[in-house]
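Visitor: Right, I'll just put the structure down here and ask away after.
The values are calculated or read from the model by the stated rules, or taken from the named source; none is laboratory data. All values derive from a computational prediction rather than experimental measurement. With ideal geometry, Cβ positions are generated from the backbone for all residues, glycine too; neighbour counts draw on all protein chains shown. In case anyone asks, the SASA skips ligands and DNA or RNA and just uses the protein heavy atoms, side chains included. Shrake-Rupley method; radii C 1.70, N 1.55, O 1.52, S 1.80 Å.
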Amino acid sequence: MVQRNRVKTDKRLDIKMFASRIFTGHKWLENQEISIENGLISAISLGSGASSDNFLVPGFIDLQIYGGGGILFSNHQTTDAIQATFDEHHKTGTVAFQITLNCSPADSMWKAVDAYSAYSGPGLVGLHLEGPFFNPVKRGAHQEQFVQKPSLDFLRELITRTAGVPTYLTIAPEMFSDEELSLLLESHIMCSLGHSDATYSEAMNAIDKGVSRITHLFNAMSQWQSRAPGLVGASFDSDAWTSIIADGLHCDFKSLSLAYRLKKNRLFLITDAVTNDVSGPYSFLAKDGRFTNEAGVLSGSSLTMIEAIQNCVQKASIPLEEAIKMATVYPAEVANLDQLGSIEVGKRACFVELNAALEVVQVWYDGKALLN
């Protein structure tokens, strides 16, 4: 990529970039010049510059990531934890993320909300509360002592405290009454089904009522069996947006391939990435390329978003364009991120430059190159 910068007389930063090839998230373009003003794309047109085999794609979006740089948000609900997450994961192409809190007590949830509101750094686009309204039999690596049943009073407090915060909440629908679920669905909170032992009927009932998302397909949920399709079956039998962890550990690559064939453009990537941190209630340690808790239960991942894309293409036979959309266009739609997810006039200038081996060469955040 060729970049030419100049400062305009009105003090707006004007940047022009040339790219031999661009995948906008919708189509391929050749030999394009991108004009950027104040971090937004102002024009895309034919241009000229040095030819390259590298290509430009939209910046990656991760809707489930727990920390970085040795600071787990579930142990430290601080702006430092959020900043450390961006500092680590932007290097592999993630320009936007929902910081995620493991199933936690109320005081940690409120601290997480406060940290979100106080953070003034880059990358943060939402708060993902994974719990505490789980089915305890499907809690996975989350601590059972923090799992609780929903109540109208607690839900009202949650809705009030998260006002103004883009909040994504993973719930087990079978733990909710119709009144409790309706209260959530009438609020600003984006609900997703997960950590659930729901029957197919229970899951479809929640989807029919308006829950349009499902968290980490296959993991911590009722499976698709011959006489009981479960939550997995409900995902495949609906158009609910469904996230998946494409690391070969949380699901086999053949399962990833089959899931894509069944879900198509309703399947999106998350990393579920954690970090080495034993300083609080959640102790996750990396060994042999995987994270486990003290009991040896698989606990989050060591995945990066570019690795997830590589795995989709190289190990699950998913077309490159679809793999990129699973990390950009689709999560932007899932989380209502109108200015991210694709390279278009009027959107934020957040890009990733990839080489032919699908390795990250450079990352741009609002027009600024981040990698040396």
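Visitor: Within region 249-288, track down each residue that is aliphatic (A, V, I, L, M), farther than 15 Å from residue 311 by Cα and in contact (Cβ under 8 Å) with a residue 12 or more places away in the chain.
Guide: The answer is 262, 273, 274, 286.
Visitor: Which of the strands (runs of 3 or more DSSP E) found entirely inside region 15-117 contain at least 3 residues meeting this: farther than 15 Å from residue 274 by Cα, touching a residue at least 24 places away in the same chain (Cβ under 8 Å) and open to solvent by less than 40 Å² (accessible area, probe 1.4 Å)?
Guide: Numbers: elements: 28-37, 40-46, 55-58, 60-65, 94-101.
In region 15-117, the matching strands (runs of 3 or more DSSP E) lie at 55-58.
Each row is one residue, and each column tells you yes or no for (1) modelled with pLDDT under 95; (2) of a type outside the set (A, V, I, L, M); (3) more than 14 Å from residue 282 (Cβ to Cβ).
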residue	(1), (2), (3)
106	no, no, yes
124	no, no, yes
137	yes, no, yes
144	yes, yes, no
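Visitor: A further question follows. From 358, 370, grab the single residue that is at positive phi, open to solvent by less than 60 Å² (accessible area, probe 1.4 Å) and touching a helix residue (DSSP H, G or I) at 6+ places or on another chain (Cβ under 7 Å).
Guide: Details: 370 fails: at positive phi.
Answer to the check: 358.
Visitor: Also, quick follow-up: From the list 270, 245, 309, which residue is of a type in the set (Val, Ile, Thr), modelled with pLDDT of 95 or more and more than 15 Å from residue 64 (Cβ to Cβ)?
Guide: Details: 270 fails: more than 15 Å from residue 64 (Cβ to Cβ); 245 fails: more than 15 Å from residue 64 (Cβ to Cβ).
When all the criteria are applied, what remains is 309.
Yes/no matrix, rows are residues, columns are (1) aliphatic (A, V, I, L, M); (2) assigned to a loop (DSSP other than H, G, I, E, B); (3) more than 20 Å from residue 331 (Cα to Cα):
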residue	(1), (2), (3)
201	no, no, yes
206	yes, no, yes
219	no, yes, no
231	yes, no, yes
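Visitor: Taking the condition of being over 21 Å from residue 366 (Cβ atoms) and small (Gly, Ala, Ser), how many residues in region 29-67 meet it?
Guide: To start, the set of residues in region 29-67 that are over 21 Å from residue 366 (Cβ atoms) comprises 30-31, 46, 48-53, 64, 66-67.
In the following step, the residues that additionally are small (Gly, Ala, Ser) were identified as 48-52, 67.
The qualifying residues number 6.
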